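The values are calculated or read from the model by the stated rules, or taken from the named source; none is laboratory data. Values in this document were obtained by computation on a predicted structure and should not be read as measured data. Cβ placement follows ideal geometry from the backbone for every residue including glycine, while neighbour counts extend to all protein chains displayed.
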Ligand code: MD6
Ligand code: FE
């Protein structure tokens with residue numbers, strides 16, 4: 001199985017990431033609520049940083065060089081995230097030639113969730129996706145290659161890293177909700193091209 005899940009980030013590092021998101025990312029790339037083609041809103045807020053970002057509106061899902069509301073380029077990767085990516089390369093968790101081109105920043109409050117989906121809007125479907133969990137613990141759902149496959153529940157705690165690679169890169173997955181506490185932030189780092 002090429003899903004790696006481990007605890008990595010201590011409280012100081014987690015706080016540093018959160019502080020950098022607040023000071024470096026949100027002023028340039030504010031949170032927004034993605035919408036489906038139908039106009040229905042997703043049940044969480046998000047933003048991105050990096051060269052490109054994932055957006056969803058009445059045209060559907062796609063990657064865009066511009067924030068959907070400000071129409072400005074996305075904020076740069078905060079230094080603390082670049083340090084983590086370097087560390088994961090050094091330790092052999094991800095390939096040395098991995099290019100972190102975007103980081104999706106999802107914010108969940110109590111009751112927020114993300115339905116089962118596959119991440120396949122990326123042109124490159126072989127580069128791993130790296131997930132970093134911050135804030136409240138929550139229930140991650142991991143399914144199979146088909147939507148109807150059995151779903152396993154995995155608790156993601158603050159500081160956890162989960163890397164979905166190879167054949168598991170395209171498994172259905174979702175986020176069922178936070179367990180206790182009131183805010184969870186999930187970062188997913190991707191190589192899109
Ligand atoms: C979440 N995560 O944990 C949602 N996608 O809130 C994802 O959708 C996800 O954790 C691809 C790879 C890892 C993930
Ligand atoms: Fe996903």
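Observations on the model:
- Criterion applied to 156, 134, 125 was being under 20 Å from residue 48 (Cα atoms) and within 14 Å of the chain's Cα centre (by Cα), and the one residue passing it is 134.
- Qualifying position, being buried (at least 17 other Cβ atoms within 10 Å of the Cβ) and within 18 Å of the chain's Cα centre (by Cα), among 32, 6: 32
- One residue from 154, 139 being touching a strand residue (DSSP E or B) at 6+ places or on another chain (Cβ under 8 Å), under 24 Å from residue 180 (Cβ atoms), within 14 Å of ligand 2 (Cβ to nearest atom) and part of a strand (DSSP E or B): 154
- Within this structure, residue 145 fails the test of being at pLDDT 95 or above and either in a helix (DSSP H, G or I) or under 14 Å from the mean Cα position of the chain (by Cα) (or both).
- Residue count for segment 1-14, restricted to those that are out of contact with any strand residue (DSSP E or B) (no Cβ under 9 Å at 6 or more places or on another chain) and part of a helix (DSSP H, G or I): 3.
- Note on segment 177-193: among residues that are under 16 Å from residue 98 (Cα atoms) and either more than 10 Å from ligand 1 (Cβ to nearest atom) or surrounded by fewer than 20 Cβ atoms within 10 Å (Cβ to Cβ) (or both), the one that is nearest to the chain's Cα centre (by Cα) is 188.
- Of all the residues in segment 35-50, those that are without any contact (Cβ under 8 Å) to a residue 24 or more places away in the chain and either closer than 21 Å to residue 22 by Cα or in contact with a strand residue (DSSP E or B) (Cβ under 7 Å, 6 or more places away or on another chain) (or both) number 4.
- Taken as a whole, segment 28-51 holds no residue that is under 16 Å from residue 105 (Cβ atoms) and assigned to a helix (DSSP H, G or I).
- Answer residue from segment 159-176, given it is part of a strand (DSSP E or B) and surrounded by fewer than 18 Cβ atoms within 10 Å (Cβ to Cβ) and is nearest to ligand 1 (Cβ to nearest atom) among those: 174
- Number of the exception - residue 101 against (1) away from ligand 1 (no atom under 14 Å from the Cβ); (2) touching a residue at least 60 places away in the same chain (Cβ under 8 Å); (3) closer than 23 Å to residue 31 by Cα; (4) surrounded by fewer than 17 Cβ atoms within 10 Å (Cβ to Cβ): (4)
- Residue selection: residue 139 fails the criterion of being touching a helix residue (DSSP H, G or I) at 6+ places or on another chain (Cβ under 8 Å), under 24 Å from residue 21 (Cα atoms), surrounded by 13 or more Cβ atoms within 10 Å (Cβ to Cβ) and at pLDDT 95 or above.
- Residues of segment 104-134 that turn out to be away from ligand 1 (no atom under 11 Å from the Cβ) and not in a loop (DSSP other than H, G, I, E, B), as a count: 1
- Residue match in segment 76-95 (condition: part of a strand (DSSP E or B) and either within 13 Å of ligand 1 (Cβ to nearest atom) or buried (at least 16 other Cβ atoms within 10 Å of the Cβ) (or both)): no
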